[in-house]
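Accompanying notes for the structure given below.
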Amino acid sequence: MLGLPPLPRTLEAALRDVSSKKPEIRAEAVRDLVRYSDDHRAQVIRSIEGALRDEDPRVRGLAAMALSDIGAKETLPALLVAVEDDDAYVRQMAISALGEIGDARSGERLRRALGDPRPEVRFQAVMAFPRVTARKEDALEAVLSAMEDKDALVAHVALRMAEEIAGDDDPDPRVAKRAKALLAHESTSVRLAAAILLARAGDVSGKDVLAKIATGDLTTTEGEDEAAAIELCGELGLKETKKGLSRRAFGGLLGLGRDRFQWHARVALARMGDGRAIREIVSELGSWDPGKRTLAVAAAGRARITSARDAIRALRDAPEKADPGAVEEALRALDEEPRE
């Protein structure tokens, strides 16, 4: 039938095609091998590890990713060699794989990569090293240093990793101090990531950056950060952003101009008590569309719309109507709020 995607290769076909003369077929075969790793682990790992030495850098990079996906700690020596690959993409994928696999034996090699002259290597190392080192202090020292990196992408990812290291706790005071300094960074992405880190810890030093992003006075290519900034404006109650958020949530003249962060803007407005945003979210809890209803459940929880608690609780025994995970998460958030 026309238009249907091709069926996945059998194990035998994937093992054969990983040696094809065509690099695109070898790349596809590497991807397909991953699905057979549970039942044929040794055979699959041996074949993918061989692809780390493929003549085509795309295949080598995909092989590193595949070994990461199946947690192939037994290929650590081969991945450490791949860190020195001539191709930048392969180097990045090898370092990323080491971080995802999380084997502490790669710690020293990743520590050296933190000081590599190539920014793409430092970028991946900042993400990988904290995930393999056993000492939190070593991880903190790595991100603190990277937050001062001359490359904006490295500094940005260091701020992200600082949040990951902190987990549910406030960031280390040294991290917070450095983040405040980065609020004056020339890169909007770095300033925004610093503002988000601080705001989530209750420090509103970067609220002006958050507000300008939310209202569109500043732009960023980091979609995840933009969404976070919009919701944080609601959590912080930044009333000066309401007009800009309303434009995002409900469109411009006659409701035209749908914004890709419409959902987040509506959550932010509802968090600030905006009646229209609250009504629209609550009304969608009764939608016939399970996907739309699930989004409304999540929005009600994030916006702390306590009047929606009973309606959401009624969905606990109706998994066909809304995602059970979203329901439970929303109820946990609402139970933290006092009853209206």
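Here G167 fulfils each of the conditions (1) at negative phi; (2) at pLDDT below 95 apart from (1).
Out of curiosity, is A128 in contact with a helix residue (DSSP H, G or I) (Cβ under 8 Å, 6 or more places away or on another chain) and crowded, with 24+ Cβ neighbours inside 10 Å? The answer is yes for A128. Residue selection: S47 satisfies the criterion of being of a type in the set (S, T, N, Q) and at pLDDT 95 or above.
Among the residues making up region 224-278, those that are in a helix (DSSP H, G or I) and without any contact (Cβ under 8 Å) to a residue 12 or more places away in the chain are E224, L253, L254, G255, G275.
Has region 107-119 got at least one residue that is free of Cβ contacts under 8 Å to residues at least 24 places away in the same chain, surrounded by fewer than 23 Cβ atoms within 10 Å (Cβ to Cβ), part of a helix (DSSP H, G or I) and among the acidic types (D, E)?
Checking region 107-119: at least one residue is free of Cβ contacts under 8 Å to residues at least 24 places away in the same chain, surrounded by fewer than 23 Cβ atoms within 10 Å (Cβ to Cβ), part of a helix (DSSP H, G or I) and among the acidic types (D, E).
Scanning region 12-28 for residues that are more than 30 Å from the chain's Cα centre (by Cα), within 11 Å of S47 (Cβ to Cβ) and either part of a helix (DSSP H, G or I) or in contact (Cβ under 8 Å) with a residue 24 or more places away in the chain (or both) gives A14, L15, R16, D17, V18.
Selection over region 151-171 of residues that are in a loop (DSSP other than H, G, I, E, B) and touching a residue at least 24 places away in the same chain (Cβ under 8 Å) gives a count of 3.
Among the residues of region 167-196 satisfying the criterion of being farther than 13 Å from A229 by Cα, touching a Leu at 6+ places or on another chain (Cβ under 8 Å) and of a type in the set (D, E, K, R), which is surrounded by the fewest Cβ atoms within 10 Å (Cβ to Cβ)? Top of the filtered list is R174.
With respect to (1) modelled with pLDDT of 95 or more; (2) out of contact with any Ser or Thr (no Cβ under 7 Å at 6 or more places or on another chain); (3) hydrophobic (A, V, I, L, M, F, W, C), the lone exception for A211 is condition (2).
Checked against (1) over 23 Å from A228 (Cβ atoms); (2) within 26 Å of the chain's Cα centre (by Cα), E328 passes all but a single condition, namely (1). Looking across region 313-323 at every residue that is loosely packed, with under 15 Cβ neighbours inside 10 Å and either of a type in the set (K, R) or farther than 16 Å from W288 by Cα (or both), the one that is modelled with the highest pLDDT is identified as R313.
Which of the residues spanning region 263-289 are among the small types (G, A, S) and out of contact with any helix residue (DSSP H, G or I) (no Cβ under 6 Å at 6 or more places or on another chain)? Working first, answer last.
Let us first name the residues in region 263-289 that are among the small types (G, A, S), namely 265, 268, 270, 273, 275, 277, 283, 286-287.
The answer is G273, G275, S283, G286.
The values are calculated or read from the model by the stated rules, or taken from the named source; none is laboratory data. Note that the coordinates shown come from a computational prediction; the quantities given were computed from them, not determined experimentally. Backbone-built Cβ (ideal geometry, glycine too); neighbour counts: all protein chains shown.
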